[in-house]
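First comes the structure, then the notes that go with it.
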Amino acid sequence: MERTFIMIKPDGVQRNLVGAIISRFEAKGYKLVAMKFMRLTEEQAREHYKEHVDKPFFAGLLEYITSGPVVAMVWEGKDVVAAARQMMGKTNPLEAQPGTIRGDYGLDIGRNVIHGADSVESAEREIKIYFDEDEILSYEKTMESWLYE
């Protein structure tokens, strides 16, 4: 099964959206295999967003993402990376469809509630930033036979 990295950002935590967001992934049928409530260090944030380091918004992004607690998670399931991206909606909440997480909860591109890996490779890289392998649990859910052929 594929794994993805999802982070509820500081604005999502402050707005009490943690339970609502987690419930969407659970209701879809994905399996939560790791989760941490944490505050990112500057080093973690720089590693996570290293592709944006030369962009004009990087300093503000760094300040924002380290400003409060986040919920870092690893979800597992068939095609979970692409499905999670669809569930989140477009990065700019004004362009995100109603029914997506950002479409329903986001108001501003700089406060868009959630981050999700954009590829399997990104997911693998991001998971390693936040979790050691022994922190990711493998287990069987009895409902899996009802989800996948």
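Every read-out reported here was derived from the displayed coordinates using simple, explicitly stated rules and does not represent laboratory data. Just so it is clear, the structure is predicted and the values come from calculations on it, not from any experiment. Cβ placement follows ideal geometry from the backbone for every residue including glycine, while neighbour counts extend to all protein chains displayed.
Things to note:
- Checking every one of the GluC sites (Glu not before Pro) in the stretch 18-111 against DSSP loop status and a limit of 14 other Cβ atoms within 10 Å picks out E95.
- Longest exposed-site-free window of the chain, the sites being chymotrypsin sites (Phe, Trp or Tyr not before Pro) in a DSSP loop that have at most 14 other C-beta atoms within 10 Å: 58-138
- For K36, the aspartates and glutamates whose Cα comes closer than 18 Å to its Cα, not counting residues fewer than 8 places off in the same chain, are D11, E26, E47, E76, E124, E126, D132, E133, D134, E135.
- Its DSSP H runs of at least 4 residues, each contributing -39,500 (n - 2.57), put the calculated 222 nm mean residue ellipticity of the chain at -10500 deg cm²/dmol, to the nearest 500.
- Total formal charge among the other residues, if their Cβ is under 14 angstrom from that of A72, Lys/Arg +1 and Asp/Glu -1: +2
- Candidates V53, V120, V74, ranked by Gaussian network fluctuation over the chain, Cα under 10 Å, top entry: V53
- Counted charge near G110, where neighbours are those whose Cβ lies closer than 15 Å (Asp, Glu -1; Lys, Arg +1): +2
- Cα shape, the stretch 74-149, gyration tensor, a/c 1.5 rule: oblate
- Other residues whose C-beta falls under 13 angstrom from the C-beta of R15 contribute a net charge of 0, scoring Lys and Arg +1 and Asp and Glu -1.
- For the stretch 2-137: relative contact order, % (alpha-carbon pairs under 8 angstrom, 6 or more apart): 38 percent
- Dipole in debye (nearest 20) - the chain, about Cα centre, beta carbon charges: Lys, Arg +1; Asp, Glu -1: 520 debye
- The stretch 2-137: C-alpha gyration tensor shape, a/c 1.5 cut-off, then a/b vs b/c: rounded
- Extension gain, N16 to D108: 0.36 nm times the residue separation minus the Cα-Cα distance gives 31.4 nm.
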